[in-house]
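Reviewing the structure listed below.
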Amino acid sequence: MVNSKLKEVALVFFKLGCFAFGGPAAHIAMMEDEIVEKRKWMTRDYFLDLIGATNLIPGPNSTEMTMHCGYERAGRAGLFVAGMAFIFPAVVITAFLAYLYVEYGQLPQVEIFIYGIKPAVLAIITSAIIKLGKKAVKGIELVIIGILVLVVSLLGVNEIIALLADGVLGMLYFYLKSKTLSSLNSMSPLLLFLGIDTAIVKVSTLKLFLIFLKVGAILYGSGYVLFAYLDAELVTSGLLTRAELIDAIAIGQFTPGPVLSTSTFIGYQLSGFTGALVATTGIFLPSFLFVLILNPFVSKMQKSKILRYFLDSVNIAAVAVMLSVLVVMTKDTLVEWQSISIALCAAYLTFKTKISTIWTILIGAILGFLLMTITK
């Protein structure tokens, strides 16, 4: 029975890893469809609690959500199987592109093949926001909190600061409102990662591993934050040129799965296949450990009344952050009639049919390729 569950976990997240374009919001939306809607592995309420909790720890949120889901389905082994299955396609694709880059000195022109994916994922994200939002909204106060987080997110306030501040303020407000004392279960603090000196110019396998372990342990935020961290660790120390780093980030952005697959590309550039392996291991390892520590506490947070207030506030904030991402993506993506047409088609498939989100992604990619080819 355990083996069959592990096999199921591996197949589900490998499939998602092959088609998970569009960034964390899109990944989580696809996950919600596969895990909650179709397979009923957990309730939407609990899925939402996992999203809220995951937003508070370092690392790639969507990858950590795969680990949570794997843990819920098949225990600790499921956590590791889900995470590795989701990461694997991106790592293989990125490693192959890194080989081409090192061998021929430039990236293959693949933008035309993914043109239609961006507008397609807008509909998928919208659907997830609606479903998760219905569960997150438990009163007018939470609606107000969500609106405030949406506004500050659109104004550029760091999402982690917004989530934490919202959680604490919401917890205090609801606690004072209820006037009910509840006992607090002791919570283990998150592990603090000590800084590692990376000033050595000549990179060794161990040094490469430590660089990416450090980044994986302290990384919050988007691909732009990842760029800043890697720039400080690699470019300023002379291990990589800024142009090479920009190319690596671009690879991570337009391949499926987590943007942290950038590490595979950079590792290959610096030290071949071994470098790709150790860099990838280093950057993702902290996420496995953080989720392993955090997951058991989510159910405890649900049982504590005051921590339930905190989680409710963070949950509505997480939905608001997803909505702010959707607003920015829509503004950046729907600029031509081709992308608008694909988005409308994807909206019809998402809201009017029972088609899988993966098929929506595939149809969007095909339409994008055809429309861009015809109009060139």
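The values are calculated or read from the model by the stated rules, or taken from the named source; none is laboratory data. Everything numeric in this text was worked out from a predicted model, so none of it was measured. Note that we place each Cβ from the backbone using ideal geometry, even for glycine, and neighbour counts take in every protein chain shown. SASA here: full protein model, heavy atoms, side chains in, ligands and nucleic acids out. Shrake-Rupley method; radii C 1.70, N 1.55, O 1.52, S 1.80 Å.
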Quick one: accessible surface of PHE310, probe radius 1.4 Å, all protein chains present, in square angstrom to the nearest 10. 30
Shape call, the stretch 318-376: gyration tensor on alpha carbons, a/c limit 1.5: oblate
When a/c is below 1.5 the answer is rounded, else prolate if a/b is larger than b/c, else oblate, so apply that to the chain with a ≥ b ≥ c taken from the square roots of the Cα gyration tensor eigenvalues. oblate
The chain - mean residue ellipticity at 222 nm from DSSP helices (-39,500 (n - 2.57) per run, n ≥ 4, rounded to 500): -25500 deg cm²/dmol
Among LYS131/LYS303; LYS131/LYS214; LYS135/LYS214; LYS118/LYS207; LYS214/LYS331, the pairs whose Cα-Cα distance exceeds 29 Å are LYS131/LYS214; LYS135/LYS214; LYS118/LYS207; LYS214/LYS331
Starting at the first residue of the stretch 54-71, write each ³J(HN,Hα) from the Karplus equation 6.51 cos²θ - 1.76 cosθ + 1.60 with θ = phi - 60°, in whole Hz, x for Gly and Pro. 5, 5, 8, 10, x, x, x, 4, 5, 5, 5, 5, 4, 5, 4, 5, x, 4
So for the stretch 13-172, averaging the separation of alpha carbon pairs under 8 Å that are six or more residues apart and normalising by length, what relative contact order in percent results? 27
Cross-link reach from LYS177 to aspartates and glutamates, straight Cα distance under 15 Å and at least 8 residues apart if same chain, gives GLU141, ASP312
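For the stretch 230-376, rounded, prolate or oblate, judged on the Cα gyration tensor with a ≥ b ≥ c (square roots of eigenvalues), a/c < 1.5 rounded, else prolate if a/b > b/c?
It comes out oblate by the Cα gyration axes.
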With charges only on Cβ, +1 for K and R and -1 for D and E, what is the dipole size of the chain about its Cα centre, in debye, rounded to 20? 1200
Measuring from centroid to centroid over Cα atoms, what is the spacing of the stretch 323-376 and the stretch 1-77 in Å? 23
I'd like the accessible area for THR241: 1.4 Å probe, protein heavy atoms, all chains in place, Å² to the nearest 10. 70
Descending Cα extents along the principal axes, the stretch 243-304, whole Å: 50, 23, 17
Per residue, how much accessible area does the chain show when a 1.4 Å probe rolls over the protein heavy atoms, in square angstrom? 46
